[in-house]
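> Structure below; questions to follow.
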Amino acid sequence: MPSSTSSSSLLFCVLVKSANIQSSDNECYSYVVLKIDNVKSTTTVVKGSQPSWEQEFYFDIADRSADQYDEQLNTGLSGVNERWITLDAELILNRQGQVARTCHPTGHSILICTHIELPSDLTEEESKEIGEKLEILHDILDKE
């Protein structure tokens, strides 16, 4: 559990569940690296073509601007439960050196589950309002 994050911060929670690795043998070793802003987290190394981690990571997103957060939501990596993500071989960077998109699918995929953890010090009214906004956002993303 996160200990260095204040109780008023929003947390982006990522559960790295498992993967399907295209391999002709069971001798491959896999791990996952998650990087959000300047925070980088890594799973343990697991052997096999269908590795399973069930490791959860927390990222403080309270300092992100609304535009950055919307961009993250639009990439499909947040707030919409569980999904398989196809891994691509090449990263396309923007002028600022950040990943803009990827290309050339590898055939590998990873299963992640994500959610936003609300601050523990919200009033009941604030919690209800944020919950309603997240539901609207989830509905919009589910339609895409």
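> Looking at the stretch 21-53 only, could you name the residues that are assigned to a strand (DSSP E or B), modelled with pLDDT of 90 or more and either of a type outside the set (S, T, N, Q) or in contact with a Phe, Trp or Tyr (Cβ under 8 Å, 6 or more places away or on another chain) (or both)?
Scanning the stretch 21-53 gives TYR29, VAL33, LEU34, LYS40, SER41, THR42, VAL46, LYS47, TRP53.
> Further question: Within the stretch 100-117, which residues are free of Cβ contacts under 8 Å to residues at least 24 places away in the same chain and more than 22 Å from GLN22 (Cβ to Cβ)?
Passing the criteria: only ALA100.
> Could we say that SER7 is at pLDDT below 90, surrounded by 12 or more Cβ atoms within 10 Å (Cβ to Cβ) and under 29 Å from THR123 (Cα atoms) here?
Considered against the rule, which asks whether it is at pLDDT below 90, surrounded by 12 or more Cβ atoms within 10 Å (Cβ to Cβ) and under 29 Å from THR123 (Cα atoms), SER7 comes out as no.
> List the pairs whose first member sits in the stretch 118-144 and is closer than 22 Å to TYR58 by Cα, whose second member is at pLDDT below 80 and surrounded by fewer than 10 Cβ atoms within 10 Å (Cβ to Cβ), and whose Cβ atoms are under 6 Å apart, counting only residues at least 6 apart or on separate chains?
PRO119/SER7; SER120/SER7; ASP121/SER7
> Give the residue that is farthest from the chain's Cα centre (by Cα), with candidates limited to residues of the stretch 15-55 that are among the small types (Gly, Ala, Ser) and more than 14 Å from TRP84 (Cα to Cα).
Within the stretch 15-55, the match that is farthest from the chain's Cα centre (by Cα) is SER24.
The values are calculated or read from the model by the stated rules, or taken from the named source; none is laboratory data. Nothing here was measured: the structure is a model prediction, and the numbers come from that model. Neighbour counts run over all protein chains shown; Cβ positions are idealised from the backbone, glycine included.
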